[in-house]
Amino acid sequence: MSDTSSDIEVMNIFFHRILDEIDAGVHVVDEAGTTVIYNRKMAEIEDMKAEEVLNKSLRDVFSFEHNEDSRLLEVLAKGTKIANAKQTYYNNQGQEITTINHTIPIVNNDVRIGAMEIARDVTRLEKLIRENMNKRGDTRYTFDSIIGSSRQIADVIDASKRATRTSSSVLIIGETGTGKELFAQSIHNGSQRSSGPFISQNCAAMPDSLIEGLLFGTKKGAFTGAIERPGLFEQAEGGTLLLDEINSLNPSLQAKLLRVLQEKTVRRVGDTQDRSVDVRIIATINEDPIDAIAGGRLRKDLYYRLSVVSLFIPPLRERQSDIHELIHFFIDKYNERFGMNVQNVDELVQQKLVYHEWPGNVRELEHMIEGAMNLIDYEDIITFHHLPNHFRHKLHLLGDDHDDSFGEVEARSMLIEEQGSGGRRETGNRMKSELKSLAQYLDDAEYIYIKNSLTQNQFNITKTAKTLGMSRQNLQYRIKKHKL
(Lines give C-alpha, C1' and ligand atoms only; values in the text may rest on other atoms or scores of the structure.)
Protein backbone atom coordinates (compact mmCIF):
# COMPACT_ATOMS: atom_id res chain seq x y z
CA MET A 1 0.00 0.00 0.00
CA SER A 2 1.39 3.40 -0.98
CA ASP A 3 1.98 6.18 1.50
CA THR A 4 -0.78 8.16 -0.20
CA SER A 5 -3.28 5.33 0.33
CA SER A 6 -2.26 5.02 3.97
CA ASP A 7 -2.68 8.74 4.49
CA ILE A 8 -6.16 8.66 2.96
CA GLU A 9 -7.16 5.69 5.14
CA VAL A 10 -5.95 7.45 8.30
CA MET A 11 -7.74 10.64 7.32
CA ASN A 12 -10.94 8.64 6.79
CA ILE A 13 -10.63 7.21 10.28
CA PHE A 14 -10.16 10.72 11.69
CA PHE A 15 -13.04 12.03 9.60
CA HIS A 16 -15.55 9.39 10.71
CA ARG A 17 -14.47 9.59 14.36
CA ILE A 18 -14.93 13.38 14.38
CA LEU A 19 -18.33 13.07 12.71
CA ASP A 20 -19.55 10.58 15.29
CA GLU A 21 -18.38 12.70 18.23
CA ILE A 22 -20.04 15.93 17.05
CA ASP A 23 -23.09 16.78 19.16
CA ALA A 24 -25.16 17.60 16.08
CA GLY A 25 -26.70 15.52 13.33
CA VAL A 26 -24.85 15.52 10.01
CA HIS A 27 -26.59 14.28 6.86
CA VAL A 28 -25.07 14.60 3.36
CA VAL A 29 -26.68 13.62 0.05
CA ASP A 30 -25.21 13.56 -3.45
CA GLU A 31 -26.67 15.25 -6.54
CA ALA A 32 -29.26 12.48 -6.89
CA GLY A 33 -30.51 12.83 -3.31
CA THR A 34 -28.79 9.64 -2.13
CA THR A 35 -27.32 9.63 1.37
CA VAL A 36 -23.53 9.41 1.43
CA ILE A 37 -22.74 10.60 4.97
CA TYR A 38 -24.90 9.97 8.06
CA ASN A 39 -23.34 10.37 11.50
CA ARG A 40 -24.17 8.73 14.83
CA LYS A 41 -25.96 11.77 16.28
CA MET A 42 -28.26 11.99 13.25
CA ALA A 43 -29.11 8.31 13.69
CA GLU A 44 -30.02 9.02 17.34
CA ILE A 45 -32.19 12.01 16.42
CA GLU A 46 -34.10 10.05 13.78
CA ASP A 47 -34.13 6.79 15.79
CA MET A 48 -32.72 4.81 12.89
CA LYS A 49 -29.67 2.71 12.04
CA ALA A 50 -27.07 4.05 9.61
CA GLU A 51 -27.55 1.10 7.25
CA GLU A 52 -31.23 2.02 6.89
CA VAL A 53 -30.26 5.41 5.44
CA LEU A 54 -26.82 5.21 3.81
CA ASN A 55 -26.76 4.69 0.03
CA LYS A 56 -30.53 5.08 -0.15
CA SER A 57 -32.61 7.82 -1.73
CA LEU A 58 -33.88 10.36 0.79
CA ARG A 59 -37.40 10.04 -0.63
CA ASP A 60 -37.37 6.26 -0.10
CA VAL A 61 -36.47 6.49 3.58
CA PHE A 62 -38.21 9.62 4.90
CA SER A 63 -41.67 11.00 4.25
CA PHE A 64 -42.70 14.63 3.97
CA GLU A 65 -46.07 16.21 3.36
CA HIS A 66 -44.48 17.79 0.28
CA ASN A 67 -41.04 17.21 -1.26
CA GLU A 68 -40.22 20.86 -0.77
CA ASP A 69 -40.57 20.35 2.99
CA SER A 70 -37.19 18.60 2.93
CA ARG A 71 -34.53 21.22 3.43
CA LEU A 72 -31.91 18.94 1.85
CA LEU A 73 -33.97 18.47 -1.32
CA GLU A 74 -34.81 22.17 -1.42
CA VAL A 75 -31.17 23.22 -1.17
CA LEU A 76 -30.15 20.54 -3.65
CA ALA A 77 -32.66 21.92 -6.17
CA LYS A 78 -32.11 25.64 -5.63
CA GLY A 79 -28.49 25.84 -4.54
CA THR A 80 -29.31 28.38 -1.82
CA LYS A 81 -28.23 28.00 1.82
CA ILE A 82 -30.99 27.82 4.45
CA ALA A 83 -30.01 28.74 8.03
CA ASN A 84 -31.79 27.84 11.29
CA ALA A 85 -34.98 26.50 9.68
CA LYS A 86 -37.34 24.14 11.47
CA GLN A 87 -38.75 21.12 9.69
CA THR A 88 -41.01 18.27 10.73
CA TYR A 89 -40.93 14.94 8.89
CA TYR A 90 -41.31 11.19 9.53
CA ASN A 91 -38.79 8.35 9.67
CA ASN A 92 -39.33 4.92 8.09
CA GLN A 93 -41.47 3.85 11.07
CA GLY A 94 -43.76 6.86 10.80
CA GLN A 95 -42.27 8.50 13.90
CA GLU A 96 -42.49 12.30 13.87
CA ILE A 97 -39.14 14.11 13.95
CA THR A 98 -38.66 17.88 14.40
CA THR A 99 -35.25 19.49 13.88
CA ILE A 100 -33.67 22.91 13.47
CA ASN A 101 -31.39 22.70 10.44
CA HIS A 102 -28.52 24.56 8.85
CA THR A 103 -28.53 23.29 5.23
CA ILE A 104 -25.80 24.11 2.69
CA PRO A 105 -25.28 23.20 -0.97
CA ILE A 106 -21.99 21.46 -1.85
CA VAL A 107 -20.43 22.91 -4.99
CA ASN A 108 -17.30 21.81 -6.90
CA ASN A 109 -16.04 23.87 -9.86
CA ASP A 110 -19.38 25.66 -10.02
CA VAL A 111 -21.19 22.33 -10.25
CA ARG A 112 -23.69 21.38 -7.51
CA ILE A 113 -22.68 17.88 -6.41
CA GLY A 114 -24.77 17.52 -3.24
CA ALA A 115 -26.05 19.11 -0.05
CA MET A 116 -25.29 18.79 3.65
CA GLU A 117 -27.40 19.38 6.72
CA ILE A 118 -26.40 20.07 10.32
CA ALA A 119 -29.38 19.34 12.57
CA ARG A 120 -30.38 19.96 16.18
CA ASP A 121 -33.15 17.83 17.66
CA VAL A 122 -36.13 19.75 19.09
CA THR A 123 -38.68 16.92 18.85
CA ARG A 124 -39.10 16.64 22.60
CA LEU A 125 -39.20 20.39 23.12
CA GLU A 126 -41.90 20.81 20.45
CA LYS A 127 -43.97 18.06 22.04
CA LEU A 128 -43.67 19.58 25.51
CA ILE A 129 -44.60 23.03 24.23
CA ARG A 130 -47.68 21.64 22.47
CA GLU A 131 -48.70 19.79 25.61
CA ASN A 132 -48.33 22.93 27.72
CA MET A 133 -50.20 25.07 25.22
CA ASN A 134 -53.02 22.52 25.32
CA LYS A 135 -53.22 22.92 29.07
CA ARG A 136 -54.18 26.58 28.83
CA GLY A 137 -57.88 25.74 28.86
CA ASP A 138 -57.73 22.50 30.81
CA THR A 139 -58.87 23.88 34.16
CA ARG A 140 -61.92 21.79 34.89
CA TYR A 141 -61.44 21.57 38.66
CA THR A 142 -63.10 23.87 41.18
CA PHE A 143 -63.55 23.59 44.93
CA ASP A 144 -66.75 21.64 44.26
CA SER A 145 -64.55 18.96 42.68
CA ILE A 146 -62.80 18.24 45.98
CA ILE A 147 -64.35 15.17 47.60
CA GLY A 148 -64.42 14.90 51.38
CA SER A 149 -66.07 16.46 54.41
CA SER A 150 -63.50 15.69 57.12
CA ARG A 151 -62.20 18.51 59.24
CA GLN A 152 -58.70 17.97 57.81
CA ILE A 153 -59.72 18.58 54.21
CA ALA A 154 -62.30 21.24 55.11
CA ASP A 155 -59.58 23.35 56.75
CA VAL A 156 -57.43 23.22 53.61
CA ILE A 157 -60.38 24.11 51.38
CA ASP A 158 -61.20 27.07 53.60
CA ALA A 159 -57.60 28.34 53.50
CA SER A 160 -57.48 27.84 49.71
CA LYS A 161 -60.67 29.84 49.21
CA ARG A 162 -59.17 32.74 51.17
CA ALA A 163 -56.13 32.59 48.88
CA THR A 164 -58.35 33.31 45.84
CA ARG A 165 -58.75 36.92 46.95
CA THR A 166 -55.15 37.90 46.18
CA SER A 167 -52.40 37.19 43.67
CA SER A 168 -49.81 36.14 46.26
CA SER A 169 -47.62 33.11 45.56
CA VAL A 170 -48.88 29.80 46.93
CA LEU A 171 -46.85 26.75 47.97
CA ILE A 172 -48.88 23.53 48.09
CA ILE A 173 -47.25 20.80 50.17
CA GLY A 174 -48.42 17.24 49.98
CA GLU A 175 -47.47 13.69 49.18
CA THR A 176 -47.83 12.26 45.70
CA GLY A 177 -51.46 11.58 44.83
CA THR A 178 -53.07 13.91 47.37
CA GLY A 179 -54.56 16.23 44.72
CA LYS A 180 -52.21 19.21 44.70
CA GLU A 181 -53.06 20.25 41.13
CA LEU A 182 -56.76 19.98 41.93
CA PHE A 183 -56.29 22.64 44.62
CA ALA A 184 -54.14 24.77 42.29
CA GLN A 185 -56.80 24.77 39.58
CA SER A 186 -59.51 25.49 42.14
CA ILE A 187 -57.61 28.53 43.38
CA HIS A 188 -57.14 29.76 39.81
CA ASN A 189 -60.79 29.25 38.88
CA GLY A 190 -61.97 30.96 42.05
CA SER A 191 -59.78 34.03 41.55
CA GLN A 192 -60.00 37.12 39.38
CA ARG A 193 -57.50 35.44 37.06
CA SER A 194 -59.95 32.70 36.08
CA SER A 195 -60.44 34.21 32.62
CA GLY A 196 -56.66 34.12 32.03
CA PRO A 197 -54.57 31.07 31.09
CA PHE A 198 -53.69 28.32 33.53
CA ILE A 199 -50.43 26.59 32.54
CA SER A 200 -48.99 23.64 34.41
CA GLN A 201 -45.40 22.41 34.13
CA ASN A 202 -43.90 19.45 35.96
CA CYS A 203 -40.33 20.53 36.72
CA ALA A 204 -39.16 16.92 37.04
CA ALA A 205 -40.44 15.93 33.59
CA MET A 206 -37.65 17.43 31.51
CA PRO A 207 -33.88 18.02 31.63
CA ASP A 208 -32.25 21.30 32.67
CA SER A 209 -31.10 21.90 29.09
CA LEU A 210 -34.72 22.26 27.96
CA ILE A 211 -36.61 23.65 30.94
CA GLU A 212 -34.79 27.00 31.08
CA GLY A 213 -35.82 27.87 27.52
CA LEU A 214 -39.32 26.53 28.15
CA LEU A 215 -39.83 28.62 31.29
CA PHE A 216 -38.17 31.87 30.28
CA GLY A 217 -38.30 31.73 26.46
CA THR A 218 -35.52 31.97 23.90
CA LYS A 219 -34.14 34.64 21.59
CA LYS A 220 -33.36 33.77 18.00
CA GLY A 221 -29.67 33.01 17.57
CA ALA A 222 -29.02 32.59 21.30
CA PHE A 223 -27.61 29.15 20.46
CA THR A 224 -27.55 26.88 17.45
CA GLY A 225 -31.13 26.27 16.39
CA ALA A 226 -32.64 28.76 18.86
CA ILE A 227 -35.74 30.52 17.57
CA GLU A 228 -37.75 33.46 18.91
CA ARG A 229 -40.18 31.95 21.38
CA PRO A 230 -41.98 33.19 24.50
CA GLY A 231 -41.60 31.09 27.65
CA LEU A 232 -44.32 29.81 29.97
CA PHE A 233 -44.21 33.01 32.06
CA GLU A 234 -45.14 35.08 29.02
CA GLN A 235 -47.71 32.52 27.87
CA ALA A 236 -49.38 32.64 31.30
CA GLU A 237 -49.68 36.45 31.23
CA GLY A 238 -52.68 37.56 33.27
CA GLY A 239 -53.23 34.04 34.58
CA THR A 240 -51.59 31.38 36.71
CA LEU A 241 -48.44 29.29 36.25
CA LEU A 242 -48.30 26.06 38.24
CA LEU A 243 -44.76 24.73 38.80
CA ASP A 244 -45.13 21.15 39.96
CA GLU A 245 -42.33 19.52 42.00
CA ILE A 246 -40.43 22.79 42.34
CA ASN A 247 -37.71 20.98 44.33
CA SER A 248 -36.66 19.23 41.10
CA LEU A 249 -35.30 22.46 39.58
CA ASN A 250 -31.55 22.86 39.90
CA PRO A 251 -30.31 25.71 42.18
CA SER A 252 -29.27 28.00 39.31
CA LEU A 253 -32.74 27.84 37.76
CA GLN A 254 -34.29 28.37 41.19
CA ALA A 255 -32.23 31.57 41.47
CA LYS A 256 -33.53 32.78 38.08
CA LEU A 257 -37.07 31.92 39.14
CA LEU A 258 -36.61 33.93 42.34
CA ARG A 259 -35.52 36.93 40.27
CA VAL A 260 -38.67 36.70 38.15
CA LEU A 261 -40.85 36.52 41.27
CA GLN A 262 -39.15 39.49 42.91
CA GLU A 263 -38.86 41.80 39.91
CA LYS A 264 -41.91 40.58 37.96
CA THR A 265 -39.84 40.61 34.79
CA VAL A 266 -38.49 37.80 32.66
CA ARG A 267 -35.49 37.72 30.35
CA ARG A 268 -35.44 35.21 27.52
CA VAL A 269 -32.37 32.99 27.15
CA GLY A 270 -29.79 34.89 25.07
CA ASP A 271 -31.67 38.20 25.32
CA THR A 272 -30.71 41.46 27.04
CA GLN A 273 -34.25 42.82 27.30
CA ASP A 274 -36.42 42.37 30.40
CA ARG A 275 -40.14 41.85 29.78
CA SER A 276 -42.78 42.63 32.39
CA VAL A 277 -45.01 39.72 33.36
CA ASP A 278 -48.19 39.58 35.41
CA VAL A 279 -48.43 35.97 36.51
CA ARG A 280 -49.48 34.29 39.73
CA ILE A 281 -47.16 31.47 40.73
CA ILE A 282 -48.46 28.34 42.44
CA ALA A 283 -45.77 25.78 43.27
CA THR A 284 -46.06 22.27 44.65
CA ILE A 285 -43.63 20.11 46.57
CA ASN A 286 -44.03 16.47 47.59
CA GLU A 287 -41.79 16.55 50.66
CA ASP A 288 -41.27 18.59 53.80
CA PRO A 289 -39.80 21.93 52.58
CA ILE A 290 -37.42 22.03 55.54
CA ASP A 291 -36.04 18.63 54.53
CA ALA A 292 -35.73 19.86 50.94
CA ILE A 293 -33.81 22.95 52.08
CA ALA A 294 -31.54 20.89 54.31
CA GLY A 295 -30.87 18.49 51.45
CA GLY A 296 -30.04 21.29 49.01
CA ARG A 297 -33.06 20.61 46.82
CA LEU A 298 -34.82 23.90 47.58
CA ARG A 299 -33.28 27.33 48.05
CA LYS A 300 -34.25 28.89 51.34
CA ASP A 301 -34.89 32.33 49.80
CA LEU A 302 -37.12 30.81 47.12
CA TYR A 303 -39.07 28.91 49.78
CA TYR A 304 -39.80 32.12 51.69
CA ARG A 305 -40.86 33.86 48.47
CA LEU A 306 -43.16 31.05 47.38
CA SER A 307 -44.71 30.25 50.74
CA VAL A 308 -46.58 33.53 51.20
CA VAL A 309 -49.55 31.17 51.41
CA SER A 310 -48.72 27.60 52.46
CA LEU A 311 -51.25 24.82 52.06
CA PHE A 312 -50.68 21.38 53.59
CA ILE A 313 -52.75 18.74 51.81
CA PRO A 314 -53.31 15.87 54.26
CA PRO A 315 -52.50 12.34 53.08
CA LEU A 316 -55.45 9.97 52.78
CA ARG A 317 -54.40 8.02 55.89
CA GLU A 318 -55.08 11.19 57.92
CA ARG A 319 -58.57 11.73 56.50
CA GLN A 320 -59.92 8.19 56.69
CA SER A 321 -63.46 9.40 57.27
CA ASP A 322 -63.45 10.60 53.64
CA ILE A 323 -62.67 7.18 52.17
CA HIS A 324 -66.31 6.03 51.99
CA GLU A 325 -67.30 9.21 50.11
CA LEU A 326 -64.34 8.88 47.75
CA ILE A 327 -65.16 5.23 47.02
CA HIS A 328 -68.69 6.15 45.91
CA PHE A 329 -67.40 9.07 43.84
CA PHE A 330 -65.00 6.83 41.93
CA ILE A 331 -67.62 4.08 41.51
CA ASP A 332 -69.99 6.63 39.94
CA LYS A 333 -67.18 7.97 37.74
CA TYR A 334 -66.26 4.58 36.30
CA ASN A 335 -69.90 3.43 36.09
CA GLU A 336 -70.43 6.27 33.66
CA ARG A 337 -67.19 5.62 31.79
CA PHE A 338 -67.61 1.82 31.53
CA GLY A 339 -71.41 1.70 31.21
CA MET A 340 -71.70 -0.35 34.41
CA ASN A 341 -74.03 -0.31 37.40
CA VAL A 342 -71.83 -1.08 40.41
CA GLN A 343 -73.51 0.08 43.62
CA ASN A 344 -71.03 -0.33 46.45
CA VAL A 345 -68.20 -2.31 48.04
CA ASP A 346 -69.00 -4.95 50.62
CA GLU A 347 -68.44 -4.28 54.32
CA LEU A 348 -65.32 -6.44 54.58
CA VAL A 349 -63.62 -4.61 51.72
CA GLN A 350 -64.68 -1.23 53.04
CA GLN A 351 -63.25 -2.01 56.47
CA LYS A 352 -59.94 -3.09 54.96
CA LEU A 353 -59.78 0.00 52.73
CA VAL A 354 -60.23 2.28 55.72
CA TYR A 355 -57.23 0.77 57.48
CA HIS A 356 -54.99 0.60 54.43
CA GLU A 357 -51.99 2.97 54.57
CA TRP A 358 -52.60 4.38 51.03
CA PRO A 359 -49.01 5.38 50.19
CA GLY A 360 -50.33 6.59 46.81
CA ASN A 361 -53.16 8.49 48.52
CA VAL A 362 -56.35 9.39 46.63
CA ARG A 363 -54.81 8.48 43.28
CA GLU A 364 -54.07 4.97 44.56
CA LEU A 365 -57.65 4.58 45.80
CA GLU A 366 -59.00 5.66 42.40
CA HIS A 367 -56.77 3.18 40.57
CA MET A 368 -57.88 0.42 42.95
CA ILE A 369 -61.58 1.11 42.25
CA GLU A 370 -60.93 1.30 38.50
CA GLY A 371 -58.99 -1.97 38.61
CA ALA A 372 -61.73 -3.73 40.60
CA MET A 373 -64.42 -2.60 38.18
CA ASN A 374 -62.38 -4.03 35.31
CA LEU A 375 -62.56 -7.44 37.01
CA ILE A 376 -66.31 -7.39 37.70
CA ASP A 377 -68.58 -9.47 35.44
CA TYR A 378 -72.25 -8.81 36.22
CA GLU A 379 -72.14 -8.19 39.96
CA ASP A 380 -73.13 -4.84 41.45
CA ILE A 381 -70.99 -5.12 44.61
CA ILE A 382 -67.19 -5.00 44.71
CA THR A 383 -65.92 -7.86 46.87
CA PHE A 384 -62.44 -8.79 48.05
CA HIS A 385 -61.94 -11.09 45.04
CA HIS A 386 -62.55 -8.23 42.60
CA LEU A 387 -59.59 -6.27 43.92
CA PRO A 388 -56.35 -6.31 41.90
CA ASN A 389 -53.87 -8.97 43.07
CA HIS A 390 -51.39 -6.57 44.65
CA PHE A 391 -54.20 -4.94 46.66
CA ARG A 392 -55.51 -8.29 47.84
CA HIS A 393 -52.05 -9.15 49.10
CA LYS A 394 -51.59 -5.81 50.88
CA LEU A 395 -55.03 -5.75 52.45
CA HIS A 396 -54.76 -9.37 53.57
CA LEU A 397 -51.96 -8.26 55.87
CA LEU A 398 -54.50 -6.11 57.72
CA GLY A 399 -56.74 -9.12 58.36
CA ASP A 400 -57.24 -11.10 61.54
CA ASP A 401 -54.33 -9.67 63.50
CA HIS A 402 -55.76 -6.15 63.30
CA ASP A 403 -57.72 -6.41 66.54
CA ASP A 404 -54.78 -8.02 68.38
CA SER A 405 -52.63 -4.94 67.91
CA PHE A 406 -55.38 -2.46 68.66
CA GLY A 407 -54.96 -2.45 72.44
CA GLU A 408 -51.27 -1.64 72.23
CA VAL A 409 -51.89 1.27 69.85
CA GLU A 410 -54.64 2.64 72.06
CA ALA A 411 -52.36 2.39 75.10
CA ARG A 412 -49.67 4.33 73.29
CA SER A 413 -52.22 6.97 72.38
CA MET A 414 -53.21 7.33 76.02
CA LEU A 415 -49.54 7.65 76.98
CA ILE A 416 -49.05 10.46 74.50
CA GLU A 417 -52.13 12.24 75.84
CA GLU A 418 -50.88 11.95 79.42
CA GLN A 419 -47.45 13.30 78.43
CA GLY A 420 -49.04 16.08 76.46
CA SER A 421 -51.37 17.34 79.23
CA GLY A 422 -54.51 16.85 77.26
CA GLY A 423 -53.11 15.55 73.99
CA ARG A 424 -53.50 16.59 70.43
CA ARG A 425 -56.88 17.66 69.10
CA GLU A 426 -59.12 14.63 68.63
CA THR A 427 -56.19 12.26 69.25
CA GLY A 428 -58.02 10.13 71.80
CA ASN A 429 -61.25 9.85 69.83
CA ARG A 430 -59.52 9.08 66.57
CA MET A 431 -57.22 6.47 68.10
CA LYS A 432 -60.22 4.65 69.55
CA SER A 433 -61.71 4.27 66.09
CA GLU A 434 -58.70 3.63 63.82
CA LEU A 435 -55.28 2.05 63.61
CA LYS A 436 -52.71 4.76 63.04
CA SER A 437 -49.64 4.53 60.88
CA LEU A 438 -46.22 5.17 62.40
CA ALA A 439 -46.00 8.44 60.45
CA GLN A 440 -49.29 9.67 61.89
CA TYR A 441 -48.37 8.52 65.37
CA LEU A 442 -45.06 10.44 65.20
CA ASP A 443 -46.87 13.45 63.74
CA ASP A 444 -49.17 13.52 66.79
CA ALA A 445 -46.20 13.18 69.12
CA GLU A 446 -44.41 16.06 67.36
CA TYR A 447 -47.50 18.25 67.74
CA ILE A 448 -47.73 17.59 71.47
CA TYR A 449 -44.00 18.03 72.11
CA ILE A 450 -43.81 21.34 70.24
CA LYS A 451 -47.00 22.61 71.88
CA ASN A 452 -45.66 21.78 75.35
CA SER A 453 -42.32 23.44 74.61
CA LEU A 454 -44.06 26.58 73.36
CA THR A 455 -46.20 26.69 76.50
CA GLN A 456 -43.19 26.26 78.77
CA ASN A 457 -41.40 29.12 76.97
CA GLN A 458 -44.45 31.44 76.97
CA PHE A 459 -44.63 30.99 73.16
CA ASN A 460 -41.27 32.70 72.68
CA ILE A 461 -40.11 31.40 69.30
CA THR A 462 -36.39 31.99 69.89
CA LYS A 463 -36.33 30.27 73.31
CA THR A 464 -38.48 27.37 72.11
CA ALA A 465 -36.29 26.81 69.05
CA LYS A 466 -33.20 26.74 71.29
CA THR A 467 -34.88 24.28 73.66
CA LEU A 468 -35.82 21.98 70.79
CA GLY A 469 -32.42 22.30 69.11
CA MET A 470 -33.75 23.61 65.82
CA SER A 471 -33.68 26.86 63.86
CA ARG A 472 -36.38 29.52 64.18
CA GLN A 473 -37.35 28.91 60.55
CA ASN A 474 -37.76 25.18 61.13
CA LEU A 475 -39.90 25.81 64.21
CA GLN A 476 -42.05 28.41 62.44
CA TYR A 477 -42.65 25.97 59.59
CA ARG A 478 -43.83 23.29 62.03
CA ILE A 479 -46.01 25.76 63.95
CA LYS A 480 -47.71 26.63 60.67
CA LYS A 481 -47.93 22.96 59.70
CA HIS A 482 -49.66 22.00 62.97
CA LYS A 483 -51.70 25.24 63.13
CA LEU A 484 -50.43 26.00 66.64
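The values are calculated or read from the model by the stated rules, or taken from the named source; none is laboratory data. Computed from a predicted model, the values in this text were never measured in an experiment. Cβ atoms come from the backbone with ideal geometry, glycine included; neighbour counts cover every protein chain shown.
Structure notes:
- Condition check for Asn39: at positive phi, among the polar types (S, T, N, Q), modelled with pLDDT of 90 or more and not assigned by TED's automatic domain parsing to the domain that holds Arg229: no
- Taken as a whole, the structure places Arg130 among residues that are of a type outside the set (Asp, Glu), modelled with pLDDT under 90 and exposed (fewer than 15 other Cβ atoms within 10 Å of the Cβ).
- Wholly enclosed helices (runs of 4 or more DSSP H) of the stretch 381-473 bearing at least 2 residues hydrophobic (A, V, I, L, M, F, W, C) and either more than 21 Å from Leu316 (Cβ to Cβ) or modelled with pLDDT under 50 (or both): 402-419, 438-456, 461-468
- Restricted to the stretch 161-198, and to residues there that are under 17 Å from Ser145 (Cβ atoms) and of a type in the set (Lys, Arg), the residue that is surrounded by the most Cβ atoms within 10 Å (Cβ to Cβ) is Lys180.
- Qualifying residues in the stretch 307-334 (those that are acidic (Asp, Glu) and either touching a Ser or Thr at 6+ places or on another chain (Cβ under 8 Å) or under 16 Å from Phe183 (Cα atoms) (or both)) - the one surrounded by the fewest Cβ atoms within 10 Å (Cβ to Cβ): Glu325
- All positions within the stretch 335-354 that are in a helix (DSSP H, G or I) and either buried (at least 19 other Cβ atoms within 10 Å of the Cβ) or not assigned by TED's automatic domain parsing to the domain that holds Met373 (or both): Val349, Lys352, Leu353
- Taking the stretch 191-268 and the strands (runs of 3 or more DSSP E) fully enclosed by it, the elements with 1 or more residues that are in contact (Cβ under 8 Å) with a residue 24 or more places away in the chain and within 27 Å of Asp288 (Cα to Cα) are at 198-202, 240-244.
- Failed condition for Tyr355, given (1) touching a Leu at 6+ places or on another chain (Cβ under 6 Å); (2) modelled with pLDDT of 90 or more: (2)
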